[in-house]
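Worksheet: one structure, shown below.
Read-outs: derived from the displayed coordinates by stated rules, not from any lab. Everything numeric here is computed off the predicted structure, so don't read it as measured data. In this analysis, Cβ positions are derived from the backbone assuming ideal geometry, glycine residues included, and neighbour counts consider all displayed protein chains.
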Amino acid sequence: MTIDIAARIIKHKKPIVIAFIIIAMISAVAQFGVSVNYNMVDYLPEDAQSTKAMEMMEQEFEGAVPNTKVMINDVTIQEALVFKEKLASIDGVSDVTWLDDAIDIKTPIEMTDTEMLESYYKDNQALFSFSIRAGDEVEITDAIYELIGEENAMAGEALNTATQQKMAFTETMFAAALLIPIIVLILVLSTNSWIEPVFFLAAIGVSVLINLGTNLFIGEVSFVTQSVAPILQLAVSLDYAIFLLHSFSDYREKVADPKEAMRLAMKRSFPAIAASASTTFFGFIALSFMKFEIGSDLGLNLVKGIVLSFISVMVFLPALTLMFYKWIDKTQHKALLPSFKNLGNRVVKLKFPSLILVLLLIVPAFLAQGQTNFIYGIGEQPESTRAGSDVIKIEEAFGKSTSMVLLVPKDDIAKQEDLVQDLENMAHVTSVISYVNTVGAAIPPEYLDEAITDQFFSTDYSRIILQTNTETEGDVAFGLIEDIQQLAAGYYGEDVYSLGESVTLYDMKDVVQKDNTVVNLLTVITIAIVLLVTFKSISYPVILLLTIQSSVWINLSVPYFTNSALVFVGYLIVSTVQLAATVDYAILLTEAYKENRKEMTALKAIKKTIDEKIFSIAISASILSSVGFILWITSSNPIVSSIGLLLGRGAFLAFIMVVFLLPAILLVFDKAIEKTTWKANFYKEK
């Protein structure tokens, strides 16, 4: 930062502070005008099969794909039909499907196919499938709960969305209530003033509020962004404020004038803050290239947040500190933590065990993180919630059940009849509802009432509704989707569309797996370029990226070794975020080591560096790790929860790698580093 800009900021400190506070207050109000989207389907790319199918369905039919189920206990068939009418009369509920849509209800039950019958009616329990209007899930599911009472059960995609909407605000508040005291405690322990942590949080808090408010210009954010971005921005960029104020404290001891001390602090800390912000900035930019747009939505918000945090720390924080620096002086206290001296000596003794251990772990970890069992949807609701316990009740009574819709050209009834017969004979297909097997292929549609034919026909397409007994996702479900799509394509070529939760997740799997390769490659390349420019070296970027990437691989391999499934969106985001956010620890240590190495031998330089920097790195890592673990504990949303767990564990692993592995590599490859670094100027013993 130039001296002229720093001087202007210092001169106009009061207007700057007032302006930032006013903008933050306006943004705090504006954020309530930003809508939150809980529908993951909306974030699939436009060329995805599900997106095209949904557009075609909306053009051709008034109805939608069933996304909710209700089970009613202890009812006769006639009582179930009465209930069906009540359910269909609720505003926002459409396309209620039950046994009478699959068979002629006047036919004796004994003559009905058992599998077909038991997918709708079993042991005096009736299972209804229907669609809930998007955007009004909370109000509509509340109305359904009022209708069915406590003794009956509801489950489905729309209910999951409603549950997440209800929990989002309270969980965010709960996470903040837990997190802020923990961060304040960590900052109090790391400083010598009781009030200084307030300055840190004020600088980043203002930028977080402005970031939330400027989302009004975007109009809408995803539920992942709403839950994760503000807390992640706080955790990742708090370092910038710590760098600046620690530098200011150092100069206060050397310079009498606080303004001059701040000017010098701004000049000295600018390169470190800029380098730290750049790696995080470009790491988050990589998320913006995801075709699955939840990633790009989060990436855009985090990039915007990093820029705003950087501006706030370099403009608002110096002005605020100079206005109230006397508060820092009046609230000084003794160091609350013991010194970390001589820790470097102990770490150096472990250099070869550290290298050997990581070499033994890195290959299995790399292979395992690619073999993890992934979940592509939002996952199951916790059993402790009504939504979770209702799912279990329905599955105990009727087994797994998933709806799917096929749209096929309506020109050839005979061809459709053959397709429906083939579908009925497929394993895992429990029910097929279409014109040809419900009304009858022999009856011309033009002789029937439009209320009947509109369920099955549009101008150009016929609609076939299938019920399957698979999970919503997994090898069996995805294999069945492939079989159904291939079967339909055999009859109609490419002029076939398929919809449903399972189909969406199948498309999502295809999109995000491609995203994984692109995003990880972009992250590594962009961060490598920043490191290359920062260190003017070929070896340093390789060493730093290897250190942090090994922690990422070990982190993401844990689910494989513990035989637990991992939400893929969380995996994809964290593989980028962990690298972008924690490479700062490696930069901080390596930057200090590079300077110390100019004045002393490699061994002395690394010992001194660890003693000087381990405290700062530990503070940063503990804040990011706390953020992650609190998101994991407080969120009922499996995507947000998995991001939290991976982030918390990842920050801790990155800290371990930077403290133990990085010094070992720097020592062992000292000569190679010198030869591959421009103007290294390493100290030579005489």
Nearest 10, in degrees from 0 to 90: the angle of helix 293-311 to the longest Cα principal axis of the chain is 20
Along its three principal axes, how long is region 230-300 when you only count alpha carbons? Whole Å, largest extent first please.
55, 21, 13
Within the chain, what's the longest stretch lacking GluC sites (Glu not before Pro) that sit in DSSP loops with no more than 12 other Cβ atoms inside 10 Å?
254-382
What is region 273-357 by shape, rounded, prolate or oblate, if you read a ≥ b ≥ c off the alpha carbon gyration tensor as root eigenvalues and call it rounded for a/c under 1.5, prolate for a/b larger than b/c, and oblate otherwise?
oblate
Can you grab the distance from the C-alpha centre of region 539-566 to the C-alpha centre of region 187-227, Å, no decimals?
28
Before anything else, pin down the relative contact order of region 226-300: Cα pairs under 8 Å, at least 6 apart, normalised by residue count, whole percent.
23
For region 78-165 the mean separation of alpha carbon contacts under 8 Å (6+ apart) over residue count, i.e. relative contact order in percent, is 32
How many nm separate the modelled label positions at Trp327 and Glu150, each set 7 Å beyond the Cα in the direction of the Cβ?
5.0
With each label point set 7 Å from Cα along the Cα-Cβ vector, what nm distance links Leu178 and Lys393?
2.9
FRET E, pair Asn425, Ser35, Förster distance 60 Å, beta-carbon r, rounded to 0.05
0.85
For region 232-264, listing trypsin sites (Lys or Arg not before Pro) in a DSSP loop whose Cβ sees at most 12 other Cβ atoms within 10 Å gives Lys254
Label points 7 Å out from Cα along the Cβ direction at Arg346 and Ile633: separation in nm?
2.6
Assuming R0 = 56 Å, what is the FRET efficiency of Leu367 and His12, from their Cβ-Cβ distance, to the nearest 0.05?
0.50
Among the trypsin sites (Lys or Arg not before Pro) in region 650-684, which ones are in a DSSP loop with at most 13 other Cβ atoms within 10 Å of the Cβ? Mind listing them?
Lys679, Lys684
Assuming R0 = 56 Å, what is the FRET efficiency of Ala680 and Ile413, from their Cβ-Cβ distance, to the nearest 0.05?
0.10
Could you line up Leu287, Leu624 from fewest to most neighbouring Cβ atoms inside 10 Å?
Leu287, Leu624
How high is the relative contact order of region 1-111? Use alpha-carbon pairs under 8 Å, at least six apart in sequence, and give a whole percent.
12
Rounded, prolate or oblate, given the Cα gyration tensor of region 4-92, with a/c below 1.5 counting as rounded?
prolate
Kindly put Leu245, Leu480, Leu264, Leu189 in sequence by how many other C-beta atoms sit within 10 Å of each C-beta, fewest to most.
Leu189, Leu264, Leu480, Leu245
Got a sec to turn the phi values of region 20-30 into Karplus ³J(HN,Hα) couplings, 6.51 cos²θ - 1.76 cosθ + 1.60 with θ = phi - 60°, whole Hz, x for Gly and Pro?
5, 5, 5, 4, 5, 5, 4, 5, 4, 6, 4
What angle, in degrees between 0 and 90 and rounded to the nearest 10, separates the Cα long axis of helix 223-252 from the longest principal axis of the Cα atoms of the chain?
0
Give a residue-ordered list of calculated ³J(HN,Hα) values for region 398-410 (Karplus: 6.51 cos²θ - 1.76 cosθ + 1.60, θ = phi - 60°; whole Hz; x for Gly, Pro).
10, x, 5, 8, 9, 9, 8, 10, 10, 10, 10, x, 9
Output the 0 to 90 degree angle, nearest 10, between the alpha-carbon long axis of helix 49-60 and the longest principal axis computed from the alpha carbons of the chain.
50
Let me make sure I get this right: for region 212-356, a, b and c are the square roots of the gyration tensor eigenvalues over alpha carbons, sorted descending. Under 1.5 in a/c it's rounded, otherwise prolate if a/b > b/c, else oblate. Which is it?
oblate
Please report Thr517, Thr634, Thr51 as a ranked list, fewest other C-beta atoms within 10 angstrom at the top and most at the bottom.
Thr517, Thr51, Thr634
Calculated SAXS-style log₁₀ I(q)/I(0) at q = 0.11 Å⁻¹ - the chain, Debye, Cα scatterers:
-1.08
